[in-house]
Amino acid sequence: MATPQLELSGQLPPKDPSDGEAFSKWYITAIRRSELADYFEPVGGTMVIRPYGFSLWENMQAALDRRFKATGHKNAYFPLFVPESFLAREAKHVEGFAPEVAWVTNAGGEDLQERLAIRPTSETIFGHFYSKWIQSWRDLPVLINQWANIVRWEKRTVFFLRTTEFLWQEGHTAHRTADEAQQETMRMLGVYADFAENELALPVVRGEKSAAERFAGADATYSIEALMPDGKALQSGTSHFLGQNFARAFDIDFLDQDGQRKLVWTTSWGMSTRILGGMLMCHGDNGGLILPPRVAPTQVIVVPIPARSEDDQTRVAEAVSSLLAGLIDAGIRAEADWTDKRPGWKFNEWELKGVPLRIEVGPRDLQQEQVVLVRRDERAKESVSLSAAPRRAADLLTSVQQALFERARAFVTANTHTADDYATFKRIMQEQRGFLRAYWCGADECEGRIKEETRATIRVIPEDAEADGPGRCISDGQPATKRALFAQSY
Ligand SMILES: [Zn+2]
């Protein structure tokens, strides 16, 4: 890891995904210099999200929240502390989370009789309340989401991707039938994929996790997986079919229409600030970050070019304010940079921060009633009349959003390989990485051996896993019906 001093001065290191150390230095430096986030050294694993980063998160949050509401969910807030006895009620759940839980053992100057976990996830607390609130089939389904912070202990910090405390949302739903719960699980996986692709310009593969990668306490776990520029996968959102495991552990039963008492079927699903990191890693370049217009805190930065005469200076100022008014009228998040710095310095700074579009307003262009538009992704420049600029800006923002997605999708296509023998599999994982489609017989042993020897895990069993017909397991040659999607991962 680079030292903080190096990250905050001098040139931004180039974005070179083929060199792991350089790539991580680019990522960390771009985030710190653009003022998205900072380390909190006194507590390892934690970070602060600065106002620019938090605005970005708020835009993402709003886009996701709209989708949750549109699918019938309501928000609520549940407690931060989870009694140890709660976690212990679902055996696999407690076993899965034990290594990363932080405990409160003393409070108000006294040792607690029962220690309290700082929530690593909230299935148990929701379960406790659902058993009180759900009595009859008329109470179902219950569709609740909460926006909250979570603690899962980490020794290393990688901004957004790996932090001890992070922000997320967790949906927890209860249903009358297994079918309904399964449909909910898939619906929310679809919401995540739609959000990632259409808001963040991040193409994802969706599918089911293998048993070894399943959420602790789930019957089935599904995820969306994005591919980072260094060829490693990032799990970017998960949706779990919990069967009746938590219903059994917390006695969540109801009186059904047929007069029988039955256990409910539950789901949970979560997406965190981690996907924000994936988005930054995916879209930036040597100049810094590139933010997708739909979530960028500032979509257009207007940079006034200083003029020699006072008359010209006034004309620039007037053009900038009329332009800003026009942009805001067009529904664009725009601001002007009036700071006392050279234009070239400002250009670099706003490029580093990833603002998708820049408009330069200078005395010479204004003589022709024109301004200059520069898109961040291709750095292409064009002159447009002052009056047409807001409309053109809106078009260019749409086009930047599209171009970022297309570029990312082309990268995934180019870096998705197929291997039919283990030697090829190993060579690809060593030399190129990326997504690797290979037959897997379903045995844990094969999955474990591949992980040990290549550091690749099954990211998902994708929806098109059976498209190539039957084959032979890459590891032991046993008959296999599906190609799993393997990758090294963050
Ligand atoms: Zn096998």
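The values are calculated or read from the model by the stated rules, or taken from the named source; none is laboratory data. All values derive from a computational prediction rather than experimental measurement. With ideal geometry, Cβ positions are generated from the backbone for all residues, glycine too; neighbour counts draw on all protein chains shown. The protein model used for the area step is the full one, side chains on, heavy atoms only, and it has no ligands, DNA or RNA in it. Shrake-Rupley method; radii C 1.70, N 1.55, O 1.52, S 1.80 Å.
Observations on the structure shown:
- Answer residue from the stretch 444-460, given it is in contact with a Phe, Trp or Tyr (Cβ under 8 Å, 6 or more places away or on another chain) and in contact (Cβ under 8 Å) with a residue 40 or more places away in the chain and is nearest to the ligand (Cβ to nearest atom) among those: E447
- The lone exception for A226 - which of (1) buried (at least 19 other Cβ atoms within 10 Å of the Cβ); (2) without any contact (Cβ under 8 Å) to a residue 12 or more places away in the chain; (3) small (G, A, S) it fails: (2)
- From the options T424, T481, residue that is open to solvent by 70 Å² or more (accessible area, probe 1.4 Å) and of a type outside the set (D, E): T481
- Number of the condition not met by R33 [criteria: (1) over 30 Å from D219 (Cα atoms); (2) touching a residue at least 40 places away in the same chain (Cβ under 8 Å); (3) charged (D, E, K, R); (4) open to solvent by 60 Å² or more (accessible area, probe 1.4 Å)]: (4)
- The residues on offer are E406, E431, E445, and the sole one that is open to solvent by 40 Å² or more (accessible area, probe 1.4 Å), under 30 Å from I301 (Cα atoms) and acidic (D, E) is E406.
- Positions within the stretch 189-224 being of a type in the set (A, V, I, L, M, F, W, C) and over 30 Å from C441 (Cβ atoms), in sequence order: V191, F195, A196, L200, A201, L202
- Filter result for L234 (within 22 Å of I31 (Cα to Cα), touching a residue at least 40 places away in the same chain (Cβ under 8 Å) and touching a helix residue (DSSP H, G or I) at 6+ places or on another chain (Cβ under 6 Å)): yes
- Given (1) open to solvent by 70 Å² or more (accessible area, probe 1.4 Å); (2) within 16 Å of the ligand (Cβ to nearest atom), number of the condition T398 does not satisfy: (2)
- Residue selected from the stretch 265-309 under the condition farther than 27 Å from T185 by Cβ and small (G, A, S), by the criterion most open to solvent (accessible area, probe 1.4 Å): S309
- Among residues of the stretch 153-176 being closer than 30 Å to D251 by Cβ and open to solvent by less than 50 Å² (accessible area, probe 1.4 Å), the one that is farthest from the chain's Cα centre (by Cα) is H175.
- Looking only at the stretch 466-485, residues that are within 18 Å of T238 (Cβ to Cβ) and either more than 12 Å from the ligand (Cβ to nearest atom) or more than 27 Å from the chain's Cα centre (by Cα) (or both) come to 1 in all.
- Filtered residues of the stretch 64-73 (kept if out of contact with any helix residue (DSSP H, G or I) (no Cβ under 6 Å at 6 or more places or on another chain), open to solvent by less than 10 Å² (accessible area, probe 1.4 Å) and hydrophobic (A, V, I, L, M, F, W, C)): F68
- Where strands (runs of 3 or more DSSP E) fall entirely within the stretch 371-443, those with at least 1 residues that are without any contact (Cβ under 8 Å) to a residue 60 or more places away in the chain, under 30 Å from G477 (Cβ atoms) and over 25 Å from the mean Cα position of the chain (by Cα) are at 435-440.
- Residue among I328, I332 that alone is within 21 Å of S55 (Cα to Cα) and surrounded by fewer than 18 Cβ atoms within 10 Å (Cβ to Cβ): I328
- Every pair of residues 6+ apart whose Cβ atoms lie under 8 Å, when the first sits in the stretch 462-477 and is over 21 Å from G190 (Cα atoms) and open to solvent by 80 Å² or more (accessible area, probe 1.4 Å) while the second is among the small types (G, A, S) and within 16 Å of the ligand (Cβ to nearest atom): P470/A480; R472/A480
- Odd one out for M186, checked against (1) farther than 30 Å from D251 by Cα; (2) open to solvent by 50 Å² or more (accessible area, probe 1.4 Å): (1)
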